[in-house]
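Visitor: Below is one structure. I have some questions about it.
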């Protein structure tokens, strides 16, 4: 007998009297947050059931230590931060407190924080100081301050925290940090349960609410463009896509609604920017008509979107991070890569085949220029052989002529190189048989 649990899949061999968790690697584990050190092999995740850690993330099959429990009775870790230059130093955001380990999770200490009830939703580093962290929490106390929230600040890598006096009648949910004149500027979104909607900014002294009310929708996620902090995205919770993704190019003074490619999406949430291409972005949500989990991709700075990955019904993505693309969702932690699409056409004349080849991004349909492809030929009774290596032109095209008797087969393979390896996986065209 099998059952889905908060930790994933459980197995019983005695009619349900006792259960054993069947967690294989990091599948079937609800994953909320992802943190990666400068050493790309070290990844921590916050999950239902505790923390998980790997020190060989770049291997084909990483080995995970799970669950790592910062305290007795911990059932969930919603937020996690790892010191970039020390993968053993980790800060975990829990319900009612924050914990720190300096030895890779072997031992833990409670951080010094103001008293709060609820859970830490996000831990975000300063954009100007390596020792400064910010944390946003939602207060779910059923006694006092129901569905309120707050923002905390630490200037010593999470050991001690102070309250930044976020307006106490609001439920804070999403947090992003920008830079302005060498100082941090915080953007904090109002989440489900708040008595109003919108985003507040904090300049180090005062809180100020932005004029935009985001169509009265609760904020799920805020992203500041790393290369241009004037560009900000806000994704919102909605029953439809109308007004659920917003973009500002002037640090939040004015906003535009993004709808291109999002006409059947809801529950828009986690966002990520590709580390080597700031115009390439990813956005998580669900399809309204089917309730399937979706990840969208944009290659024009978020102006338009295409479906990049389709998941399961009711699946929700809590975290996206680009090193390749890593997604944390209801089913676990997954590495996703874009597909190319090779179109292969031909015509034959006088024993020669003219092959017309086009390479595009399968999700966005963008042409992929200056990519090296291998063209293979298989003559009846022989094995496949490479007949040419060629590079796509600015339109993503290649034209090749080759000897071809009837029943000769051709195929084209693109093996991404250099920076493309993080974004794309190997792509093979359909087989083409010359009639």
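Visitor: Report the semi-axes of the equivalent ellipsoid for the chain in whole Å, largest first, where each axis is √(5λ) for an eigenvalue λ of the Cα gyration tensor.
Guide: 44, 26, 20
Visitor: At a threshold of 8 angstrom on Cα-Cα distance, excluding pairs fewer than six apart, so keeping six or more, what relative contact order does the chain reach in percent?
Guide: Relative contact order here is 8 percent.
Visitor: Also, I was wondering about something else. Tell me, what is the percent relative contact order of region 340-433, built from C-alpha pairs under 8 Å that lie six or more residues apart?
Guide: So the answer I get is 32 percent.
Visitor: For region 34-134, what is the Kirkwood estimate of the hydrodynamic radius, computed as the reciprocal of the mean inverse distance between distinct Cα atoms, to one decimal in Å?
Guide: One over the average 1/r among Cα pairs gives 13.7 Å for region 34-134.
Visitor: Now a separate question. Along Cα→Cβ, 7 Å out, is where each label goes; now give me the distance between the ones at residue 192 and residue 250 in nm to one decimal.
Guide: 3.4 nm
Visitor: Pick from 337, 247, 277: which is most flexible by mean-square fluctuation in a GNM of the chain where alpha carbon atoms under 10 Å apart are linked?
Guide: Comparing 337, 247, 277 in a Gaussian network model of the chain, the most mobile one is 277.
Visitor: If each DSSP helix of 4+ residues adds -39,500 (n - 2.57) and the sum is divided by the residues in the chain, what number results at 222 nm, nearest 500 deg cm²/dmol?
Guide: After summing the helix terms and dividing by the residues of the chain, the value is 0 deg cm²/dmol.
Visitor: Percent relative contact order of region 33-138, based on C-alpha pairs within less than 8 angstrom and at least six residues apart?
Guide: RCO, region 33-138: 19 percent.
Visitor: Where does each of 396-407, 123-134 land if you order them by average Cβ count within 10 Å, highest first?
Guide: Top to bottom by mean Cβ count within 10 Å: 123-134, 396-407.
Visitor: OK, next. Per 10 Å bin, what is the whole-percent P(r) computed from every C-alpha pair distance within region 53-112?
Guide: It works out to 22, 54, 22, 3, in whole percents.
Visitor: Follow-up. Give me Rg/Rg_expected for region 192-313, where Rg uses Cα atoms only and Rg_expected = 2.2 N^0.38 Å with N residues.
Guide: Normalised by 2.2 N^0.38 Å, the Cα Rg of region 192-313 equals 1.04.
Visitor: In region 416-435, which residues have a backbone nitrogen under 18 Å from the label point lying 7 Å from residue 387's Cα in the Cα-to-Cβ direction?
Guide: Residues 429-435 fall inside that zone.
Visitor: Now for a separate question. Ratio of region 242-307's C-alpha Rg to 2.2 N^0.38 Å, to two decimals?
Guide: Taking the Cα Rg and dividing by 2.2 N^0.38 Å, one obtains 1.09.
Visitor: Where does region 340-433 land on Rg(C-alpha)/(2.2 N^0.38 Å)?
Guide: 1.08
Visitor: Still on this model: Test of understanding: what is the full-extension gain from residue 259 to residue 300, defined as 0.36 nm times their sequence separation minus their Cα-Cα distance?
Guide: 13.4 nm
Taken together, the values in this text are just the output of simple stated rules run on the coordinates, not laboratory data. Please read all numbers here as calculations on a predicted model, not as lab measurements. Quick reminder, even Gly has a Cβ in these numbers, built from the backbone with ideal geometry, and neighbours come from all protein chains shown.
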